[in-house]
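What follows is a single structure, written as structure tokens, with notes after it.
The values are calculated or read from the model by the stated rules, or taken from the named source; none is laboratory data. Small disclaimer: the values here were computed from a predicted structure and weren't measured. Here the Cβ positions follow ideal geometry from the backbone for every residue, glycine too, while neighbour counts run over all protein chains shown.
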Amino acid sequence: MIQFDHVCVTARDKLILSDINFTLNQGDKAVLCGKSGSGKSTLLKTLLGLYEVHSGSISCLGKPLTAASLHVIRSCAAYIGQEPMLGADEVRAALLLPFKFKAHRGRLPSEPEINQVLQRLQLPTSILKQACRHISGGEKQRIALARGLLLGKQLFLLDEVTSALDEECKQAVIQVFTDPQLTVLSISHDALWLEHSDLVYELKAGQLSQIKANEYTRY
Amino acid sequence: MNTLDIEFPQLLLTYLLCLLPGTLLWLIGLRLSRDIAISILRMSLQLVLVGVYLKTLFDVNNPALTGLWILLMLLIADFSILKRAGLKPRYFGLATLIAVASSILFSTLYLVVLVIQPPHYYDARYIIPIAGMILGNSMQGNVIALERFYSALRKNENEYTTYLLLGATRWEAVKPYFQDAVKAALNPSIANMATMGLVSLPGMMTGQILGGSEPWTAVKYQLAIMICIFTSTSMACVINLKLSLNIAFNAFDVLQDKVIAQAKS
């Protein structure tokens, strides 16, 4: 599904990612570990075209990542950061925000679909009426996840998405991603999350290497 | 009615008036005398030069010379807009020039050719002051539009990126900031029109009345020029921002740092 081939990324003349090679097949659940500043978030954002590739190439669904094919990756991937921006005043409006854009217009989810996704993520339907500024960080993360699920995204790029969740909610999120159709590339230092992942990569000073989950040391 | 000329000794009296604010500011501890003196000196020198130049321009009344003067005004405005908006002229110079020039020329020619209809539409006595007034006001609007738009994008980079990653096109993602910026740029013009004549007597109208025109003629000129200023500012801001979108972003819709001249807080 995704292939990084000798990818180097520089930002403000500083090398952030150096010779990154890895392949992610559909259904893979991969985790990136590494110290703060090692380039984990940059790697996810590079995949979405937010950082320019200095050398090497990235391909998604068999197509090289270029300005012309950017919409392919952006339409199949959902990126959820540690503090997701919901982009609307009310939760319902935030959830339905992407359906205002041309790319998703006319695909508005039904009420039962919305309720089902909320339930899977342990969110009450009453949250729909709440103001985004009044909900917790963990709820924001799950609303952003719900938005990705409602959009039918196949690839989830998750940056510390369980950081603000309690055990019960974390289990619910992990359960959602057991779906073999969903591919996950996440940044996490959470032991439970790592346990449920097939591949664990470590980024050290911009270089990527595959490690075993039990080799992981807490950062 | 002929305008009473101000004789040179009388003009000196107005300079003497500056002693009053100068003393007041000195008394409250503000040491601005140097800045004030430089500003007054610059204003005097610039206006004397413009006076000499305009007199020559009006006497010669050559369309090519008038055009050259307008081009010079546009170039100065172009650099001034970008400098004050914190953007690099190297990248945005041409886009801003196209936006401002097209809107100013359109409004000026519309007003002169269709509305005022002087014997010769290239008459410098009409073209230059009208283009100058419209340009002066439009400049302010363009500074606000560009500055607001790019500082809002930088401040809300996370939100803008979220829109993109949720499937928005570049235009869909920048649209809220674009609308806010144009609104902010036009607000002074709209407020100005709404209070015109109530809060202040506009400069052009006052000038015309002092120059010997009938108040009713002055009112009609003022109405026409205000509508042209508004039209021109709206056109210039929208065209300018639209053109700038093709320069400020890379092919992946990311705002490029290199186009910003200075960090805006």
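Only one of these conditions is not met by A:Gly39: (1) touching a strand residue (DSSP E or B) at 6+ places or on another chain (Cβ under 7 Å); (2) surrounded by fewer than 22 Cβ atoms within 10 Å (Cβ to Cβ); (3) on the phi > 0 side of the Ramachandran plot. Which number is it? The failed condition is (2). Touching a helix residue (DSSP H, G or I) at 6+ places or on another chain (Cβ under 9 Å), within 14 Å of another protein chain (Cβ to nearest Cβ) and buried (at least 22 other Cβ atoms within 10 Å of the Cβ) - does that describe any residue in segment B:133-150? No, the conditions are met nowhere in segment B:133-150. Taken together, the residues in segment A:74-95 that are surrounded by fewer than 21 Cβ atoms within 10 Å (Cβ to Cβ), within 30 Å of A:Ser57 (Cβ to Cβ) and in contact with a helix residue (DSSP H, G or I) (Cβ under 7 Å, 6 or more places away or on another chain) amount to 1. Candidates in segment A:154-186 are the residues that are within 13 Å of A:Gly138 (Cβ to Cβ) and β-branched (Val, Ile, Thr); of these, the one that is nearest to the chain's Cα centre (by Cα) is A:Val161. Summed over segment B:164-204, the residues that are part of a loop (DSSP other than H, G, I, E, B) and under 30 Å from A:Phe101 (Cα atoms) give a count of 4. In segment B:218-265, of all residues being of a type in the set (Lys, Arg) and either part of a helix (DSSP H, G or I) or closer than 30 Å to B:Gln117 by Cα (or both), the one that is modelled with the highest pLDDT corresponds to B:Lys242. Of B:Leu75, B:Leu153, all but one fail to be part of a helix (DSSP H, G or I) and either without any contact (Cβ under 8 Å) to a residue 24 or more places away in the chain or over 30 Å from A:Gln82 (Cα atoms) (or both); the exception is B:Leu75. Figure legend. Inter-residue proximity from segment A:67-83: first residues at the interface with chain B (Cβ under 8 Å from one of its Cβ atoms) and without any contact (Cβ under 8 Å) to a residue 60 or more places away in the chain, second residues outside any helix (DSSP H, G or I) and among the acidic types (Asp, Glu), beta-carbon distance below 9 Å, spacing 6+ or different chains. Indicated pairs: A:Ala67/B:Asp253; A:Leu70/B:Asp253. Only a single criterion out of (1) of a type outside the set (Val, Ile, Thr); (2) surrounded by fewer than 16 Cβ atoms within 10 Å (Cβ to Cβ); (3) in contact with a helix residue (DSSP H, G or I) (Cβ under 6 Å, 6 or more places away or on another chain); (4) more than 14 Å from chain B (Cβ to nearest Cβ) is not satisfied by A:Leu123, namely (2). Residues that are in contact (Cβ under 8 Å) with a residue 12 or more places away in the chain, in contact with a Gly (Cβ under 9 Å, 6 or more places away or on another chain) and within 13 Å of chain B (Cβ to nearest Cβ): does segment A:10-31 have at least one? The answer is no, given that none of the residues of segment A:10-31 is in contact (Cβ under 8 Å) with a residue 12 or more places away in the chain, in contact with a Gly (Cβ under 9 Å, 6 or more places away or on another chain) and within 13 Å of chain B (Cβ to nearest Cβ). Taken together, B:Leu32, B:Leu19 contain a single residue that is more than 25 Å from B:Gly207 (Cα to Cα) and touching a Leu at 6+ places or on another chain (Cβ under 6 Å), which is B:Leu32.
When you look at A:Lys153, is it under 25 Å from A:Ile73 (Cα atoms), in a loop (DSSP other than H, G, I, E, B) and at pLDDT 90 or above, yes or no? When the stated conditions are applied, A:Lys153 passes them. Would you say A:Ala144 is surrounded by 21 or more Cβ atoms within 10 Å (Cβ to Cβ), at pLDDT 85 or above and not in a strand (DSSP E or B)? When the stated conditions are applied, A:Ala144 passes them. Are any residues in segment B:36-73 loosely packed, with under 12 Cβ neighbours inside 10 Å and closer than 19 Å to B:Phe8 by Cα, and if so, which ones? Hits for segment B:36-73 are B:Leu41, B:Arg42, B:Met43, B:Leu45, B:Gln46, B:Leu47, B:Val48, B:Leu49, B:Gly51, B:Val52, B:Lys55. The residue that is modelled with the lowest pLDDT, counting only those in segment A:59-108 that are in a helix (DSSP H, G or I) and of a type in the set (Val, Ile, Thr), is A:Val72.
The test for being within 14 Å of another protein chain (Cβ to nearest Cβ) and either under 17 Å from B:Ile260 (Cβ atoms) or under 20 Å from the mean Cα position of the chain (by Cα) (or both) holds for B:Val174.
For segment A:2-25, how many residues are assigned to a loop (DSSP other than H, G, I, E, B) and at pLDDT 90 or above? Result for segment A:2-25: 1.
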